[in-house]
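Presented below is the structure to which this report refers.
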Amino acid sequence: MPPAATPAFHPVLRMLHWSMAALIVSMLFIGVGMVSTAGPAYSWLLSLHRPLGVAILALALVRLPVRVWSSTPALPANLPRWQARAARGSHLLLYAGMIVMPLIGWAMVSAAGKPVKLAEGIVLPAIAPHDLTLYAMLREAHGILAYALFALILAHLAAALMHGLVRRDGVLRSMLTGNA
Ligand code: HEM
Ligand code: HEM
């Protein structure tokens, strides 16, 4: 059983939260930039997109156990029940997004029959069979889920600002400085 709640997020969780937030938001813009160009920037952006996406997956796999086994601050007791539920549900979906998005990207490149190249000489094994119908399905899912994740992140940002600027209840501080 995880230990009892404390006033702040574990420093490792805070460090991972902010570095992964920057990476994930960058990836959304790199992805959109990539599919909006047919010029030479395309392959440069794609060569950035693949290793960053896999790095997000690796960091999420470090973050999950730290999250499960460290104590986390309790939400303010006077927070309406629907907001507490929305917070828990959206955090679960954010975790799902940071794991599912890179896996779909990796599987999609595998299904296209292309090498999942991270850097010169570093190529990941295929995790899906070479199948163009599967590629088309995964490509569609990668696009739709990317926009859903973007919408969720915007809602998450709005909630964080509501806590920090309107309610001033220590929730934003617990992720920023570690003091509730
Ligand atoms: C958190 C991780 C990731 C995010 C947020 C993300 C986001 C995106 C976005 C927003 C797009 C554009 C979608 C569209 O407008 O239809 C995209 C396309 C793409 N992504 Fe990702 N992606 C991630 C991980 C990955 C990974 C790990 C790979 C491969 C190893 C990958 C490969 C691709 C490819 C090949 C495309 C389409 C390029 C094209 O059709 O021209 N993505 N991604
Ligand atoms: C854009 C700026 C962001 C701000 C200002 C922000 C702010 C916060 C704050 C204040 C908390 C604590 C909330 C609570 O205890 O209920 C939190 C938690 C969390 N945030 Fe963010 N966040 C941002 C971006 C992101 C992004 C991009 C992701 C991932 C896609 C993310 C994933 C999470 C998760 C999963 C939690 C729950 C705590 C945990 O289990 O690690 N955040 N965020």
For this session: Could you tell me how many degrees, from 0 to 90 and to the nearest 10, lie between the Cα long axis of helix 81-111 and the main elongation axis, the longest principal axis, of the Cα atoms of the chain?
Result: 20
Exercise. Pairing the Cα long axis of helix 132-161 with the longest principal axis of the chain, what angle in degrees results, from 0 to 90 and rounded to the nearest 10?
Worked result: 20
Exercise. Does anyone have the angle between helix 41-69 and the longest principal axis of the chain? Alpha-carbon axes, 0 to 90°, nearest 10?
Worked result: 40
Seminar exercise, completed: Expressed in µm² per second, the diffusion coefficient of the chain from the Stokes-Einstein equation, with Rh the Kirkwood radius over alpha carbon pairs, at 4 °C and 1.567 mPa s, is 72
Seminar exercise, completed: Here the net charge surrounding V12, from other residues whose Cβ is less than 14 Å away from its Cβ (Lys, Arg +1; Asp, Glu -1), is +3
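Would you order E120, E140 from fewest to most other beta-carbon atoms within 10 Å of each residue's own beta-carbon? Display every interim value, and only then the final one.
Values: E120 6, E140 12.
The order, fewest Cβ neighbours first, is E120, E140.
A short reminder: the numbers here are calculations on the coordinates, not readings from a lab. Since the structure is predicted, the reported quantities are computational estimates derived from the model, not experimental observations. Virtual Cβ from ideal backbone geometry, glycine too; neighbours counted across all protein chains shown.
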